[in-house]
1. Report every pair of residues separated by at least 6 positions or lying on different chains whose Cβ atoms are under 7 Å apart, first residue within the range 279-300 and closer than 30 Å to residue 16 by Cα and within 16 Å of ligand 1 (Cβ to nearest atom), second assigned to a helix (DSSP H, G or I) and modelled with pLDDT under 95.
2. Sort through 262, 277 and tell me the only one that's within 18 Å of the chain's Cα centre (by Cα) and either away from ligand 2 (no atom under 16 Å from the Cβ) or on the phi > 0 side of the Ramachandran plot (or both).
3. Given the criterion within 16 Å of ligand 1 (Cβ to nearest atom), buried (at least 24 other Cβ atoms within 10 Å of the Cβ) and not in a helix (DSSP H, G or I), identify the matching residue among 137, 163.
4. Test residue 29 against the stated conditions and say whether it is farther than 26 Å from residue 331 by Cβ, within 16 Å of ligand 1 (Cβ to nearest atom) and part of a strand (DSSP E or B).
5. Within the range 83-112, which residues are over 23 Å from residue 70 (Cβ atoms) and within 15 Å of ligand 1 (Cβ to nearest atom)?
6. Regarding residue 150, is this residue away from ligand 2 (no atom under 16 Å from the Cβ) and more than 18 Å from residue 299 (Cα to Cα)?
7. I need the full set of residues from the range 19-35 which are farther than 11 Å from residue 308 by Cβ, in contact (Cβ under 8 Å) with a residue 24 or more places away in the chain and either more than 16 Å from ligand 2 (Cβ to nearest atom) or out of contact with any strand residue (DSSP E or B) (no Cβ under 8 Å at 6 or more places or on another chain) (or both), in order please.
8. Check the range 50-66 and report whether any residue there is touching a residue at least 40 places away in the same chain (Cβ under 8 Å), part of a helix (DSSP H, G or I) and in contact with a helix residue (DSSP H, G or I) (Cβ under 6 Å, 6 or more places away or on another chain).
Ligand code: KG4
Ligand code: ZN
């Protein structure tokens with residue numbers, strides 16, 4: 001039974017958590033940087049790194065205290081090593097390595113995308129194999145999850161991530177940052193049939209494209225402004241959200257069918273979207289698939305998923321050297337190559 005301290009700092013959340021035995025969360029602390037980045041309408045990498053520096057020690061102390069666990073009781077310390085913002089990743093990884101050295105605790109580097117899939121294991125009981133839809137502010141991808149938690153990429157976005165499209169549409173509509181939750185809420189009062197918006201690459205393979213959809217929303221707003229026409233923002237938000245959800249759901253179900261999966265696991269910030277959760281619920285039910293979507297707090301970036309993702313390697317005594325580097329563009333299922341390779 002392994003007790004693992006997880007650390008997450010790949011983007012705009014500084015997080016630490018203590019997880020025992022893959023799925024028992026003893027503590028999970030997340031310090032959000034939304035207030036830092038909101039004035040800019042998106043994450044500013046340098047500000048993210050500075051915020052991580054200021055908060056990481058306290059967040060780790062709080063996670064250990066809340067779990068009532070001493071450093072000496074840890075079997076490993078795990079940190080996200082990619083993908084993400086280089087400067088942001090470095091802070092969490094450096095903290096983990098410092099703990100590893102000072103407290104003589106083995107270090108494990110964790111892939112952030114793998115970790116989003118592990119989040120479902122924590123509170124839905126997901127066990128591979130299956131198909132994973134990872135959908136966040138930085139990524140949108142489908143992968144086959146092997147019985148031993150390996151990941152084979154099936155397709156990914158060729159331009160914007162789905163969450164990025166939510167954030168940019170929210171900015172166009174003047175709704176603030178982050179856009180996903182606001183668009184989600186606004187859509188509840190809108191009619192998704194009002195605007196016919198593109199569903200790019202719907203029938204082509206498993207890649208995604210959301211940039212044309214974002215531009216279509218922008219053009220509708222600009223045209224309305226030019227013509228002095230008032231548009232119902234709730235209708236536009238609902239139409240946009242319906243287009244994103246349509247593409248995500250249709251491709252996920254097709255991927256599950258193609259690889260013969262019986263389970264679908266979903267992770268990443270956009271997995272918090274109410275329409276996506278409802279639609280996948282209906283579609284998976286009809287197709288006889290088990291659907292695993294974590295609770296809202298575990299969909300967003302957190303460190304419990306990082307500690308959980310490290311569990312199998314810790315159990316096998318498979319640790320990483322302290323000269324491991326971060327890799328901002330790490331692919332799902334991969335870890336950074338050793339320095340110099
Ligand atoms: O996984 P995450 O916390 O960070 C990344 O790794 O990117 O995802 C953040 C993204 C943001 O783009 C945010 O707007 C989106 O998730 N998001 C949502 C919702 N809640 C957060 N998108 C749609 N609907 C939501 N309810
Ligand atoms: Zn994420």
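The values are calculated or read from the model by the stated rules, or taken from the named source; none is laboratory data. These numbers were taken from a predicted model, which means no experiment stands behind them. FYI the Cβ positions are ideal-geometry reconstructions off the backbone, even for glycines, and counts take in every protein chain you see.
1. 294/123; 295/123; 298/123
2. 277
3. Result: 137 is the single residue among 137, 163 that is within 16 Å of ligand 1 (Cβ to nearest atom), buried (at least 24 other Cβ atoms within 10 Å of the Cβ) and not in a helix (DSSP H, G or I).
4. yes
5. 83, 84, 85, 86, 88, 89, 111, 112
6. Working: away from ligand 2 (no atom under 16 Å from the Cβ): yes; more than 18 Å from residue 299 (Cα to Cα): yes.
Considered against the rule, which asks whether it is away from ligand 2 (no atom under 16 Å from the Cβ) and more than 18 Å from residue 299 (Cα to Cα), residue 150 comes out as yes.
7. 26, 27, 29, 34
8. Yes, there is a match, as at least one residue in the range 50-66 is touching a residue at least 40 places away in the same chain (Cβ under 8 Å), part of a helix (DSSP H, G or I) and in contact with a helix residue (DSSP H, G or I) (Cβ under 6 Å, 6 or more places away or on another chain).
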